[in-house]
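Data first, discussion second: the structure below is written as structure tokens.
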Amino acid sequence: MKRIVILVSGRGSNMQAIVQRCAEQGWPARVAAVVANRPDAAGLTFAAAQGIHTAVVEHKAFATREAFDAELARVIDGFAPDLVVLAGFMRILGAGFVRHYEGRLLNIHPSLLPAFPGLHTHRRALQAGCQAVGATVHFVTPELDHGPIVMQSVVPVRPGDDEEALAARVLATEHVIYPQAVRWFVQDKLRLDEGRVTQVDGASQVLI
């Protein structure tokens, strides 16, 4: 039974999707803890209601990123995770932290990486005239919003779309592909080799 720790900063809608799918689909895993960097993160309330352990490591309490990362890792490691999942965790993590969890740290980003890393992805995609956008689940590496791609969703841009409408449709696909990627990981269905991820059963890694 694999153990998952999920990091959130807000309501954690992707965290909720993962928790729900894990229970509904009977994964060989359980969410051992939800950890937030903000004590008012709404995701903590949801997790506690599901009987999941919660913890807070408030970034404002630390003078440096390195000190925050060290305490965050200490708390996470207390739950002995096989997988750490970033679900709307709005802190940039240092290279040392990322390397500590190499090969077992997942993130989701609301663009078709490597396009539009960073913030304001939907605004930038609209400004660029993109005909399709989407989301990407990837293993985390020290470079921000980069790393081996596990799964992507593709969402067409419709006439009249604004940032809000586009973000809502992309988020709906995130709630599909992120749980799927986590499920593959805990079922040992992912192979990471020389920076490329393959699903060992040949399942599609693209949601269209």
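Rule-based calculations on the coordinates, nothing more; no lab input. What you see is a predicted model, and the numbers here were worked out from it, not measured in a lab. We place every Cβ from the backbone using ideal geometry, glycine too, and count neighbours over all the protein chains shown.
For the reader, a short list of remarks on this structure follows.
- Summed over qualifying helices (DSSP H, 4 residues or more, each -39500 (n - 2.57)) and divided by its residue number, the chain shows a 222 nm mean residue ellipticity of -10500 deg cm²/dmol.
- Sequence-distant residues sharing a close amide H with A29 (under 5 Å, placed H): K2
- Cα-derived Rg to Rh of the range 133-208, Kirkwood definition: 1.02
- Exposure proxy shown here: for V200, V8, the number of other Cβ atoms within 10 Å sets the order, fewest to most, as V200, V8.
- Each of I6, I149, I108 was scored by other Cβ atoms within 10 Å of its Cβ. Arranged with the fewest first, they read I149, I108, I6.
- Exposure proxy for L119, L113: other Cβ atoms within 10 Å of each Cβ, ordered fewest to most, give L119, L113.
- Convex hull of the chain built on C-alpha atoms - directionally averaged projected area, nm²: 11.6 nm²
- For the chain: relative contact order, % (alpha-carbon pairs under 8 angstrom, 6 or more apart): 19 percent
- Highest-fluctuation residue, P28, P159, P117 considered, GNM on the chain with Cα pairs under 10 Å: P159
- Whole-Å distance, taken between Cα centres, linking the range 1-76 and the range 85-158: 19 Å
- From the C-alpha gyration tensor of the range 1-101, square roots of 5λ in Å: 22, 15, 11
- Relative contact order computed over the range 1-101 (Cα-Cα under 8 Å; 6+ residues apart), in percent: 38 percent
- Here the relative contact order of the range 107-208, from alpha carbon pairs under 8 Å that lie six or more residues apart, stands at 27 percent.
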